[in-house]
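The values are calculated or read from the model by the stated rules, or taken from the named source; none is laboratory data. Since the structure is predicted, the reported quantities are computational estimates derived from the model, not experimental observations. Please note: Cβ atoms are built from the backbone with ideal geometry, for glycine as well, and neighbour counts cover all protein chains shown. Calculation scope for accessible area: heavy atoms of the full protein, side chains included, ligands and nucleic acids excluded. Shrake-Rupley method; radii C 1.70, N 1.55, O 1.52, S 1.80 Å.
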Amino acid sequence: KRAARFQGFAKGLQRIQCQSSAAAPTTKLFIDGKFVESKTTDWIDLHNPATNEVVTRVPKSTKDEMEAAVTSAKEAFKSWSKTSILSRQQIMFRYQDIIRKNMKALAENITLEQGKTLVDAEGDVLRGLQVVEHCCSVTSLQLGETLQGIAKDLDTHSYRLPLGVTAGITPFNFPAMIPLWMFPVAIVLGNTSVIKPSERDPGACMMLLDMLNQAGCPPGVVNVIHGAHDAVNFICDHPDIKAISFVGSDQAGKYIYERGSRNGKRVQSNMGAKNHGVVMPDANKENTLNQLVGAAFGAAGQRCMALSTAVFVGEARNWIPDLVERAKQLKVNAGHVPGTDLGPVISPQSKKRINELVQSGIDEGAKCVLDGRDLVVPGYEKGNFVGPTILTEVKPNMKCYKEEIFGPVLVALSVDTLDDAIELINKNPYGNGTAVFTTNGATARKFTNEIDVGQVGINVPIPVPLPMFSFTGTRGSFLGDAHFYGKQGINFYTQTKTVTQLWRDSDVTHTKAAVSMPV
Ligand code: NAD
């Protein structure tokens, strides 16, 4: 039955997977423009989160395979970096068209491997596709600077040049969007790339590489290796890799930032979050509650931009019962079932961790006004389902407030004033995103000016910036200098060469060498 449901992408899967006679098919590597079966003996079972059936086995790449990926990227850089910018742009034009035509197939794979609903999975693809579309304007984005006549007959101009081989390490929660934050930006600027997708759902990334092949991208420009810690260490240590883009948890992000930087690489590291939504009593109640519910529970709370913490100011705390009623209406089911609002969480371990954090809140004095921990979905009894859960009377010293839960759990705090809300948020170590809901412009302005968080929404719950801007999480949510995509992404993947030239039409001959700096 499942095979029939996913027929849409069965053809594509034949290229990216290998069907052995035993058990589940294996996911291939992508090296030098070809999908190849790994020679490893070490495999990771990938389970459908709705059923816990094994759908594919992901290899832990061998050292030789990882070396082959970097060698291929290094060789490809020699010619790719000399390809005309118009040729690279044309590939991006074709690529965005192919991705758009295959959005549904990509979404089906995401739902199968990651669990989110089909509609939400299409959103995952779309947000990545927008980065590819933005890359089509590389002819403007990669422009350097120029200044004529900085001294007599002397002009200076600068080029933005690629770095060489770059690498990307991605998390499980956006299997299409986050790889697309990385390799399209890197390669359109003339770099080559080695990607290590999340070992928990690499299928969408592999399909995206198949599509890049179809768009005419030469072999070796992007390569994919699979694995976990060894693959990450390999990337951090390899002398031919010049830059690493990472998105994922705090623990891995800090580790990769430190190890990569120590080896002289550029690293951009987007990490965890605890995003607060401040609800003012003057807000539009209907819209605010709907936005909160969508942003807290959508994708089963497994978004780095989920509004996982609600801060009710003053009388707004009286809205909590209405919030609970709305959250109760959400339908939890397997992601491909029409009408589903929330799919399962990624793994049984993740479900266990979420449930334990909820219990810790209760033990520390919070009230569980909506409890989704024991939810069983008929027909999917083995799935990792957690229903919408709301903890109220949460205090800042509780574990459920301090830790990122990354599940469909909203923790609610109450404060008396806007100043109290701002102080609370600014004391939290994370700085990924925050939002305020109000109908008062002065309140919104004060919040924007005083809040120490890199991405702010005013009456908008998830302020994920479009790619003409950059994704600008701060403080504990980011390590590095240049952020992902937008102008900062262009800076991350380029280095500047500044050329100063003297061309005189008159033949002036100096009689003596000038040994002092000019004054
Ligand atoms: P994760 O850190 O477990 O995995 C991310 C990548 O790092 C994977 O490719 C994995 O193989 C590797 N990895 C995991 N543990 C490692 C370790 N100890 N050492 C070296 N490498 C390691 O993250 P995840 O669970 O896949 O993703 C969820 C996390 O990602 C959440 O914390 C979420 O907030 C964060 N996230 C952040 C953003 C953002 O833009 N700030 C976006 C999406 C997700």
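When you go through G383, G335 one by one, which is the residue that is away from the ligand (no atom under 16 Å from the Cβ), in a loop (DSSP other than H, G, I, E, B) and open to solvent by 10 Å² or more (accessible area, probe 1.4 Å)?
G383
Would you confirm whether or not the range 413-433 contains a residue that is in contact with a Leu (Cβ under 6 Å, 6 or more places away or on another chain) and closer than 28 Å to F478 by Cα?
Looking through the range 413-433, none of the residues is in contact with a Leu (Cβ under 6 Å, 6 or more places away or on another chain) and closer than 28 Å to F478 by Cα.
Just to be sure before I move on: is R303 charged (D, E, K, R), within 14 Å of the ligand (Cβ to nearest atom) and buried (at least 17 other Cβ atoms within 10 Å of the Cβ) in the structure I sent?
Here the answer is yes, as R303 does meet what is asked.
If you go through the range 400-432, how many residues are open to solvent by less than 20 Å² (accessible area, probe 1.4 Å) and closer than 30 Å to P348 by Cα?
Residues in the range 400-432 being open to solvent by less than 20 Å² (accessible area, probe 1.4 Å) and closer than 30 Å to P348 by Cα: 13 in total.
With V409, V369, V415 as the choices, which residue is modelled with pLDDT of 95 or more and under 16 Å from A300 (Cβ atoms)?
That would be V409, the only listed residue that is modelled with pLDDT of 95 or more and under 16 Å from A300 (Cβ atoms).
Residues of the range 210-269 being of a type in the set (G, A, S), open to solvent by less than 10 Å² (accessible area, probe 1.4 Å) and either in a strand (DSSP E or B) or over 29 Å from I91 (Cβ atoms) (or both), which ones?
Selection gives A243, S245, G253, S269.
Count, please, the residues in the range 53-80 that happen to be open to solvent by 40 Å² or more (accessible area, probe 1.4 Å), in contact with a Pro (Cβ under 9 Å, 6 or more places away or on another chain) and outside any helix (DSSP H, G or I).
Count: 1.
Do you know which residues across the range 125-181 are more than 30 Å from T111 (Cβ to Cβ) and among the aromatic types (F, W, Y)?
Within the range 125-181, just Y159 meets the criteria.
So L163 ticks every box in (1) in contact with a helix residue (DSSP H, G or I) (Cβ under 6 Å, 6 or more places away or on another chain); (2) open to solvent by less than 30 Å² (accessible area, probe 1.4 Å) but one. Which box is left unticked?
(1)
Using the structure shown, decide if S414 is assigned to a loop (DSSP other than H, G, I, E, B), away from the ligand (no atom under 16 Å from the Cβ) and either within 23 Å of G277 (Cα to Cα) or of a type outside the set (A, V, I, L, M) (or both).
Criteria not met by S414.
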